[in-house]
Amino acid sequence: MAAKSKKKPSKKKSAPAKPKAAKSIKSAKAARAAGTDPKRVAAILAKLDEAYPNATCELKHENAFQLLIATILSAQCTDVRVNQVTETLFKKYPDAKAFVYATPSELEQEIRPTGFFRNKTKSVMGASKSILEKFGGQVPRTMEEILTLPGVARKTGNVVLGTAYGIASGVVVDTHVLRLSNRLDLTRNEDPEKVEQDLMKIIPQEKWIQFSHQLIWHGRRVCHARKPKCIECNMESLCYARDKTV
Ligand code: SF4
C-alpha cells in the first residue's frame with residue numbers, strides 16, 4: 001500500500017492543468033472589478049443618496065418628445081447650451097410634425113450653437129419623421145422601438161425612457177458615468193455599452209435611473225475629469241482611484 005501511494009504524486013506532476021487555471025482566474029478578475037463587492041456597492045449608493053437625493057435630468061423639457069430632441073442635441077455639448085437653444089426651438093417647433101416640416105437649412109442654423117449641427121439636424125428630423133409615421137406622434141416606450149429612431153443609441157434611449165417615462169431600461173453611460181464608474185472601480189471597461197452591462201449587473205434595477213443622475217451630478221460638481229475635488233467628496237473613504245487628489 002505504501003509503495004502505491006508514493007507513485008501517485010509523479011502522475012500529478014505531469015498534469016498540465018495548472019497554467020490554464022491560473023490564466024482563467026486572472027481573466028475572471030479582470031472582467032469583474034474588485035470594487036463590485038455588494039457591500040461596497042451598497043455603501044456607494046447610500047453615499048450618492050445622501051449627497052444627491054434629488055438628482056434629476058438637467059435638460060429642460062415638458063414631455064418625452066422634447067427630452068428626446070434635447071438629448072440628441074446634447075451630444076458633445078453642455079446641457080446649459082442645449083437649454084438656451086431649446087428655449088426658443090420648442091416654441092417654434094412644438095411637436096414631431098413641426099420638425100418634420102422644418103426647412104433643414106433654417107433648422108441647421110437654429111441648432112448650430114450645439115455643434116455638429118448638420119448631423120444633429122438629420123437626426124432630429126429623421127427621428128421626428130419616424131415618430132410621426134410609425135408611432136403616431138408619440139415617443140415609443142421600449143428600448144427596442146426607440147433604437148429604431150435615426151440618431152438614437154442606448155444612451156439617449158435610457159435618458160428618455162428613464163426620465164420621461166420612469167422605465168428602467170438600463171443605465172445612462174455618458175462621459176461622467178464612464179469616468180466615475182472606472183474611478184470607483186465598478187467596472188474595468190472603457191466601452192460605454194460594456195460599462196452599462198457591468199453596472200446593470202451590480203446596481204439594483206430600481207436604482208438604475210437615479211444612480212445615472214447621481215453619478216452625472218457628482219461628475220459635474222465634484223469628481224471633475226481634471227482635478228477631482230476629493231476633499232469635498234463623501235465617497236472619499238470608499239475610493240482608491242489612482243488620480244485621487246487627497
Ligand atoms: S474621492 Fe475623488 S476621485 Fe474618488 S469619487 Fe470622490 S472626487 Fe472622485
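A quick yes/no check of all residues on (1) closer than 12 Å to F65 by Cα; (2) without any contact (Cβ under 8 Å) to a residue 24 or more places away in the chain:
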position: V82; (1), (2): no, no
position: Y101; (1), (2): no, yes
position: I111; (1), (2): no, no
position: T114; (1), (2): no, no
position: F117; (1), (2): no, yes
position: A127; (1), (2): yes, no
position: T148; (1), (2): no, yes
position: G151; (1), (2): no, no
position: K155; (1), (2): no, no
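In the set A70, A33, A55, A75, which member is surrounded by 18 or more Cβ atoms within 10 Å (Cβ to Cβ) and in contact with an Asp or Glu (Cβ under 7 Å, 6 or more places away or on another chain)?
Values: A70 fails: in contact with an Asp or Glu (Cβ under 7 Å, 6 or more places away or on another chain); A55 fails: in contact with an Asp or Glu (Cβ under 7 Å, 6 or more places away or on another chain); A75 fails: in contact with an Asp or Glu (Cβ under 7 Å, 6 or more places away or on another chain).
Just a single option satisfies the conditions, and that option is A33.
Restricted to helices (runs of 4 or more DSSP H) entirely inside the stretch 71-128, those with at least 2 residues that are touching a helix residue (DSSP H, G or I) at 6+ places or on another chain (Cβ under 9 Å) and basic (K, R) are 79-92.
Comparison of T142, T148, T156, T163 shows that the only residue that is within 12 Å of the chain's Cα centre (by Cα) and over 16 Å from Q197 (Cβ atoms) is T156. Of all residue pairs spaced 6 or more apart or on separate chains, those with beta-carbon atoms under 9 Å, a first member in the stretch 225-246 that is surrounded by 11 or more Cβ atoms within 10 Å (Cβ to Cβ) and a second member that is of a type in the set (S, T, Y) and part of a loop (DSSP other than H, G, I, E, B) are P228/T245; K229/T245; C230/T245.
Contact map, the stretch 169-193: residues that are under 24 Å from P140 (Cβ atoms) paired with residues that are small (G, A, S) and buried (at least 22 other Cβ atoms within 10 Å of the Cβ), Cβ distance under 6 Å, separation 6+ or inter-chain. Pairs shown: V171/S212; V172/S212. For the stretch 171-199, the set of residues classified as under 16 Å from T71 (Cα atoms) and part of a loop (DSSP other than H, G, I, E, B) consists of V171, V172, V173, D174, listed by residue number.
Bear in mind these aren't lab numbers, they're just calculated from the coordinates by the rules spelled out. The shown structure was predicted, so the numbers you read here are calculated from the model rather than taken from an experiment. In this analysis, Cβ positions are derived from the backbone assuming ideal geometry, glycine residues included, and neighbour counts consider all displayed protein chains.
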